[in-house]
Every structure is written in C-alpha cells, then in structure tokens.
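See below for the structure under consideration.
The values are calculated or read from the model by the stated rules, or taken from the named source; none is laboratory data. From a predicted model like this one, the values you see are computed outputs, not experimental measurements. Using ideal geometry, Cβ is built from the backbone for each residue, glycine included, and neighbour counts are taken over all protein chains shown.
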C-alpha cells in the first residue's frame, strides 16, 4: 500500500509485482505529529490569501494500513487543537483556484 | 579492509554568503587540503566532486569542473550526488578506487553556492516529482519536516523548547573560535525564544541557514602514506546505506511512510541503521567515540541523532544534553565545530565538512574547541531520497 498511489514498482524487496489495485484508505487516524507553516512556502506552493495566513500540517497514522500520511489540517484548526495520539478524520476542502477558474480540492485532516 | 585507506589532508573555504561561483570555494578547499597533506595537485590520480544541483551544468559535472579549475592533470574523475549525503558518497567512491588498487591518491571536493531562504525545488511543473508535489499540494517545507520530529519528542519524551534552545546555545559556543564557521557569536536561550516561530515548535534560531562553502579531503592508500612518511588518520568506515523496507519514519520529501502491513518493521529506524552500519564496518561502537559531528538541520534533530548514533537510548537525549555530556568538556562532545547551527548548510560540501572537523579534532588541531585526547570520531547525516551517510575516523 502506497500513498500517493504507486504505479511503477513495489518498494517491498520481496515483491516483484507491477500490477496495483486501487484501495481506499481509512478516513480516520491518529496524529503522529504536527506543525504549521508560519511563513508562506515558496513556489510551486500556490498562495490562497493575501496577506498570507498560516496553516497547520499533520502526519497521521492509519492503523489498518500501517501508514503515516501527511496532510494539511482543515481550515479553522491550528496546532493548539492537536496532540500526538489525537483522532482526526479526513475532509475534502478547496486548495487553490486555477487560472481558468477551476477549484482544485485536497484531502485535509480535521480533529474529531 | 577499510583500514587500508588514510585521510592525509583536509581543507575548507569558510562558510558564509559570499555569492561567488561554487568552484572558487572548492578550489580554495582543495588547495588547502593538498597543502595540509604535503602532496601536490600533480600527485592526484582521482578527483571526485560532490555535485551541486543549483549551479547549472558546471555543478552537474562538479568533479570535472574542479579538475579543470585546478588545471587538467589527466586524473580520473567521478561526480557523486546524494543530496545532503553527497560528500560521503564522493568519499566512498574514492575509497573504493583506492581499495581496489586502482589509485593511491584521491582528492574529494564538495562546494555550493546557495540561494537565500527556504530551499525550494527547481522550477517547472513536475507532477511526478514528490519534491515538487510536497510544496504544491501541502506547502511542506524542509523546516516543517524537522518540526514534526521536534513536536514528537515533546509529546512523547517530554522535550521542551528550552532543550532545543540549549542545543543552539551549546553549538553557538562551540563555534565561537572556529575560523571557518559562518556564525561566530554567542547566542542566549532568550534570543532563541525571541526569534519568530517558523514551523511550530521550531523558531528561526532552531533552524539552520543555507550557506556557501567548500570542503575537501585527500585520501591515500595507507601504504602510500607510510612510504611518504605522511601523518595519516584511519578511514574506518563510510556508511552510505539506503533504508530497509518498510521505512516507518516520514521523511523529506515523502507524503507517507511505507506500509507495515506486508512486512513488519525492523528494530532499527533508517537513521539508526546509518551509524549502525558505520560502527559495524569500523569494528567500533558508540562507547569508543570521542566526539560526533551530526546533522543538526534543527536543534531538535541533534537530539534525535544522539539516539540514532547510540550515545543514549531513545528518549534519553534531553538528559544527556542537560547533563552537559555533549558539550565541549563533557563525556562525548557533539558538534564541536559548532555544527550546522554555526555553519548553515552547503549541501554537497557539508558531509565533507563534518569529516574535516573530525580530522582536525583527531590531529589535535581544533584550536579553541579541542576535544582533549580525541581518538575516534563519527559523522552522521541523511540525504533526501534515502541516502545514509556516516563516516568513522580514528587515530
């Protein structure tokens, strides 16, 4: 199991398979760690507000998959709302808007 | 077997923000290392360059760029790249050629000219490159990864931001007398606390800068050094290991760890395995180490390294720091050079700079920061995309 999805090779040295199934990951997990971005990241990050508003990031452990997955933290939540081991759930929110007006969405972690 | 290779000279261009071409730092360092060894450029049979990816074609072919700048002497050439671990990989190439009997004298050089601010990926749209995607989709800078590790130490082991500040204060003090350090100024815990938060819980003074610099090492076969009567240190290990599946610690520039469902994780994390491999190769252990140069990209990361290189058990790094064990004069000083805290990072030069400091310490020439009676030194570092780097030298 890989995130983002792996389309070429399996990293397990005991597996030479090159065919992959698409599987849905758990929508809930526990915070492995967290931080925030107090300064606007450099390109290719796409700024979404002017002036810049900091956002939080979390690495979340998914028990069934044995994975830790990074994501931004849902809008409205910051590091003060998080602790290692806390439960969070996946939400989908807008990330940025393309030049042609298309809204690009992303996965985010929201405290529960 | 690795005892057959000797370090006979080291050199560095001072770190800073000089804004000159990277080759000027590399040539300065190379000439200093050659002078240190008593050998001449015409004696060098192999040049290995550490590649820099931010300085155009000349940087991609760094080995040849340095060879040309020193004056074509017909030497064999190689260029290595392993992100922050580049210097160790370059050293490993040189060592292998010497061990294979293909040459007696090799010059290893790394140098960089770096941009200001956050390190960012090269320009262009690269949707299949995780190093590009992490900025585009997550806004995940390098300090954000360091901050994840720092926060985990706080929530799991009770580390405090005062501990992190104490690492900075210690390293700043170590670097005060180092003529090649970029920052030679005492720093107080209050100054760290007053610096702005970059990625919670890390503040600006917890995070290393990016710098220009150059470092070089001259290696010979032990037999050659003996025949010329050149004082030599023993290159006991160069560990350039990759991770073992599943890699369970989230790492730059990845979005996720490997899954532990198909294969259970081993006892050692990737960072643990780097020094472990070096000790095994050297036939030495943490108890033999007089000093360590570790990659303090952040203050908190230095504490992780204490555990990764076996100076203490997981969770005990803060106690080691608070007891003064890792300060000059303590049981096993860490980053006596001042570390990245005083240098800032010059990527392809940094792993070699660590080796330079260990060499000066073992030769008893680290004026103002000498670890008394130093006999064994270890370096540890990790490069993006699965590059381990640990070098062990002994008298």
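Couple of notes before you dig in:
- Single unsatisfied condition, residue A:2 versus (1) more than 27 Å from residue B:247 (Cα to Cα); (2) facing chain B (nearest Cβ under 9 Å): (1)
- Verdict on residue B:164 being crowded, with 17+ Cβ neighbours inside 10 Å, more than 25 Å from residue B:308 (Cβ to Cβ), in the same structural domain as residue B:306 (by TED's automatic domain parsing) and in contact (Cβ under 8 Å) with a residue 12 or more places away in the chain: no
- Residue in segment A:78-100 that is in contact with a strand residue (DSSP E or B) (Cβ under 7 Å, 6 or more places away or on another chain), under 19 Å from residue B:247 (Cβ atoms) and touching a residue at least 24 places away in the same chain (Cβ under 8 Å) present: no
- Number of positions in segment B:250-278 that are under 18 Å from residue B:308 (Cα atoms), more than 8 Å from chain A (Cβ to nearest Cβ) and in contact (Cβ under 8 Å) with a residue 40 or more places away in the chain: 9
- Filter result (over 18 Å from the mean Cα position of the chain (by Cα) and buried (at least 24 other Cβ atoms within 10 Å of the Cβ)) within segment B:298-346: B:317, B:321
- For residue A:33, the criteria (1) in contact with a strand residue (DSSP E or B) (Cβ under 7 Å, 6 or more places away or on another chain); (2) more than 9 Å from every other protein chain (Cβ to nearest Cβ) hold in every case but one, which is (2).
- Output for segment B:38-97, where each listed residue is in a loop (DSSP other than H, G, I, E, B), out of contact with any strand residue (DSSP E or B) (no Cβ under 7 Å at 6 or more places or on another chain), over 25 Å from residue B:115 (Cα atoms) and without any contact (Cβ under 8 Å) to a residue 60 or more places away in the chain: B:40, B:71, B:72, B:73, B:74
- For residue B:147, the requirement of being assigned to a helix (DSSP H, G or I), within 12 Å of chain A (Cβ to nearest Cβ) and under 20 Å from residue B:298 (Cβ atoms) is met.
- Among the numbered conditions (1) within 8 Å of another protein chain (Cβ to nearest Cβ); (2) in contact with a strand residue (DSSP E or B) (Cβ under 6 Å, 6 or more places away or on another chain); (3) surrounded by fewer than 24 Cβ atoms within 10 Å (Cβ to Cβ), the only one that residue B:155 does not meet is (2).
- Selection count where residues are more than 12 Å from every other protein chain (Cβ to nearest Cβ) and within 12 Å of the chain's Cα centre (by Cα), scope segment A:45-99: 7
- Wholly within segment B:247-354, helices (runs of 4 or more DSSP H) carrying at least 1 residues that are within 27 Å of residue B:50 (Cα to Cα): B:270-282, B:299-308, B:339-343
- Subset of segment B:175-208 [buried (at least 20 other Cβ atoms within 10 Å of the Cβ), part of a loop (DSSP other than H, G, I, E, B) and away from chain A (no Cβ under 14 Å)]: B:178, B:180, B:181, B:182, B:183, B:187, B:208
- Residue match in segment B:126-137 (condition: within 14 Å of another protein chain (Cβ to nearest Cβ), in contact with a strand residue (DSSP E or B) (Cβ under 9 Å, 6 or more places away or on another chain) and crowded, with 23+ Cβ neighbours inside 10 Å): yes
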